[in-house]
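> My questions all concern the structure below.
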Amino acid sequence: MEFLVRTENLLPNDTPDEVRDQLKKGERERAMELREAGVLKRLWRVPGRNATIGLYEAEDPAALHDALVSLPMWKWMDITVEALATHPQEK
């Protein structure tokens, strides 16, 4: 199944720089692992916001949930998921 995932990072502004840097590093590393596993297909930034839009592929919603909660910043993310279905014109 494919999913469109919108995330916005809500990490508090007063988070110490060293913690913020550690989380960003961990986030990049985990995203690369998800790419290598074929779960994270594409990732876009949303200009002007600390947000992304990603195209994910997972066996089912539970597998997607497991992938998303494995991200180091998931506790501070507002996440919206839309399941995608192939349009008849794409067949």
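> For segment 22-91, which GluC sites (Glu not before Pro) pass both filters: DSSP loop (anything but H, G, I, E, B) and at most 15 other C-beta atoms within 10 Å?
Listed in order of number, the matching sites are 59.
> Kindly sort 28, 45 by accessible area of their heavy atoms, largest first, with the probe set to 1.4 Å.
45, 28
> Give me the percent relative contact order of the chain, please, defined on Cα pairs under 8 angstrom at least 6 residues apart.
50
> Give the carbon-plus-sulfur fraction of the accessible surface of the chain in %, rounded to a whole number; probe 1.4 Å, heavy atoms of protein chains only.
Carbon plus sulfur share of accessible area: 49 percent.
> Still on this structure, I have one more. Roughly what would the spin-label model give for residue 81 and residue 15, points 7 Å off Cα along C-beta, in nm?
Label at residue 81, label at residue 15, 2.1 nm between them.
> Moving on. Relative to the longest principal Cα axis of the chain, at what angle does helix 17-36 sit, 0 to 90 degrees, rounded to 10?
Computed tilt is about 20 degrees.
> When ligands, DNA and RNA are left out and all protein chains stay put, how many square angstrom of accessible area per residue does the chain have with a 1.4 Å probe?
Result: 72 Å² per residue.
The values are calculated or read from the model by the stated rules, or taken from the named source; none is laboratory data. In this text the structure is predicted, and so the values were computed from the model without any measurement. A quick note on method: Cβ atoms are made from the backbone with ideal geometry, for glycine too, and the neighbour counts reach across all protein chains shown. The area values use the complete protein model at the heavy-atom level, side chains included, leaving out ligands, DNA and RNA. Shrake-Rupley method; radii C 1.70, N 1.55, O 1.52, S 1.80 Å.
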